[in-house]
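The values are calculated or read from the model by the stated rules, or taken from the named source; none is laboratory data. If you're wondering where the values come from, they're calculated on a predicted model, not measured in any experiment. Backbone-built Cβ (ideal geometry, glycine too); neighbour counts: all protein chains shown.
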Amino acid sequence: MAKTRPGVASSKSTPGKKEIESYTIRGTNKVVQAGDCVLMRPSDAGKPPYVARVEKIEADARNNVKVHCRWYYRPEESLGGRRQFHGVKELFMSDHYDVQSAHTIEGKCIVHTFKNYTRLENVGAEDYYCRFEYKAATGAFTPDRVAVYCKCEMPYNPDDLMVQCEGCKDWYHPACVGMTIEEATKLEHFACTECSSDEDVKRSQNGFASSPTNDLKVEAKRRKR
Ligand SMILES: [Zn+2]
Ligand SMILES: [Zn+2]
């Protein structure tokens with residue numbers, strides 16, 4: 001594959017290699033263990049850090065520490081590139097495994113499930129989310145179908161505000177229904193064009209929230225693509 005990662009090392013035939021419990025990131029008191037997600041220094045200093053999940057940590061007789069890791073890909077690193085519905089903090093869990101020197105670890109991060117990420121009160125620099133697995137060789141995603149919303153039939157991008165129609169319960173991007181974001185945030189009730197021409201729209205008290213993932217019924221019903 002075309003992607004290059006820094007210092008790809010073969011750990012084959014390293015003498016005296018043994019698995020260790022943890023590694024403390026140089027210059028910090030942060031402890032990394034198997035199962036943790038870490039940020040790794042990119043080969044190109046202008047690029048954002050690589051993100052990986054640590055599978056195993058090993059040290060050799062001279063105490064060189066290597067981490068066996070599984071890469072997360074950012075949308076722009078995938079074969080299909082970044083798409084409109086990909087959030088800024090979106091990562092794909094890849095099937096690309098690697099061994100890296102522990103020195104490339106710059107920090108730790110948290111890769112949330114999509115649902116947990118949309119429920120965070122505040123998104124910190126260390127918060128990411130993953131909703132797709134990605135096959136690096138073919139560019140294929142799992143799942144290959146997700147719920148889509150709005151007239152534009154796009155999967156939910158948690159960076160974008162959406163408004164929920166009180167009639168059909170679908171979610172809409174303000175721009176797709178001819179509103180500005182400012183207008184949308186001031187709305188108390190919203191009905192899409194189809195539903196507002198329908199006289200039987202039931203007025204619900206709480207037709208407005210900021211996350212389609214809170215509405216499981218909508219998600220299940222509209223599962224396609
Ligand atoms: Zn839309
Ligand atoms: Zn509607």
*The listed residue being surrounded by fewer than 18 Cβ atoms within 10 Å (Cβ to Cβ), in contact with a Pro (Cβ under 9 Å, 6 or more places away or on another chain) and modelled with pLDDT of 95 or more, out of GLY87, GLY107, GLY35*: GLY107
*asked:* Anything in region 113-130 that is under 18 Å from VAL38 (Cα atoms) and surrounded by 14 or more Cβ atoms within 10 Å (Cβ to Cβ)? List them, or say none.
replied: TYR117, VAL123, ASP127, TYR128, TYR129, CYS130
*asked:* Go through (1) touching a residue at least 40 places away in the same chain (Cβ under 8 Å); (2) within 13 Å of ligand 1 (Cβ to nearest atom); (3) in contact with a strand residue (DSSP E or B) (Cβ under 7 Å, 6 or more places away or on another chain) for ASP98 and report which single condition fails.
replied: (2)
*Could you please give the count of residues in region 139-156 that are away from ligand 2 (no atom under 11 Å from the Cβ), in a loop (DSSP other than H, G, I, E, B) and surrounded by fewer than 17 Cβ atoms within 10 Å (Cβ to Cβ)?*
6
*asked:* Quick test for you: out of GLU153, GLU133, GLU183, GLU126, pick the one residue that is within 10 Å of ligand 1 (Cβ to nearest atom) and of a type in the set (Asp, Glu).
replied: GLU153
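So that you can scan it fast, the table gives a plain yes or no per residue for (1) at pLDDT 95 or above; (2) not assigned by TED's automatic domain parsing to the domain that holds CYS109:
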position: LYS3; (1), (2): no, yes
position: PRO6; (1), (2): no, yes
position: SER13; (1), (2): no, yes
position: SER22; (1), (2): yes, no
position: ARG26; (1), (2): no, no
_Neighbours by Cβ (under 8 Å, 6+ apart or cross-chain): first from region 180-194, outside any helix (DSSP H, G or I); second charged (D, E, K, R) and near ligand 2 (Cβ under 8 Å from one of its atoms)_ = HIS189/GLU166; PHE190/GLU166; ALA191/GLU166; CYS192/ASP170
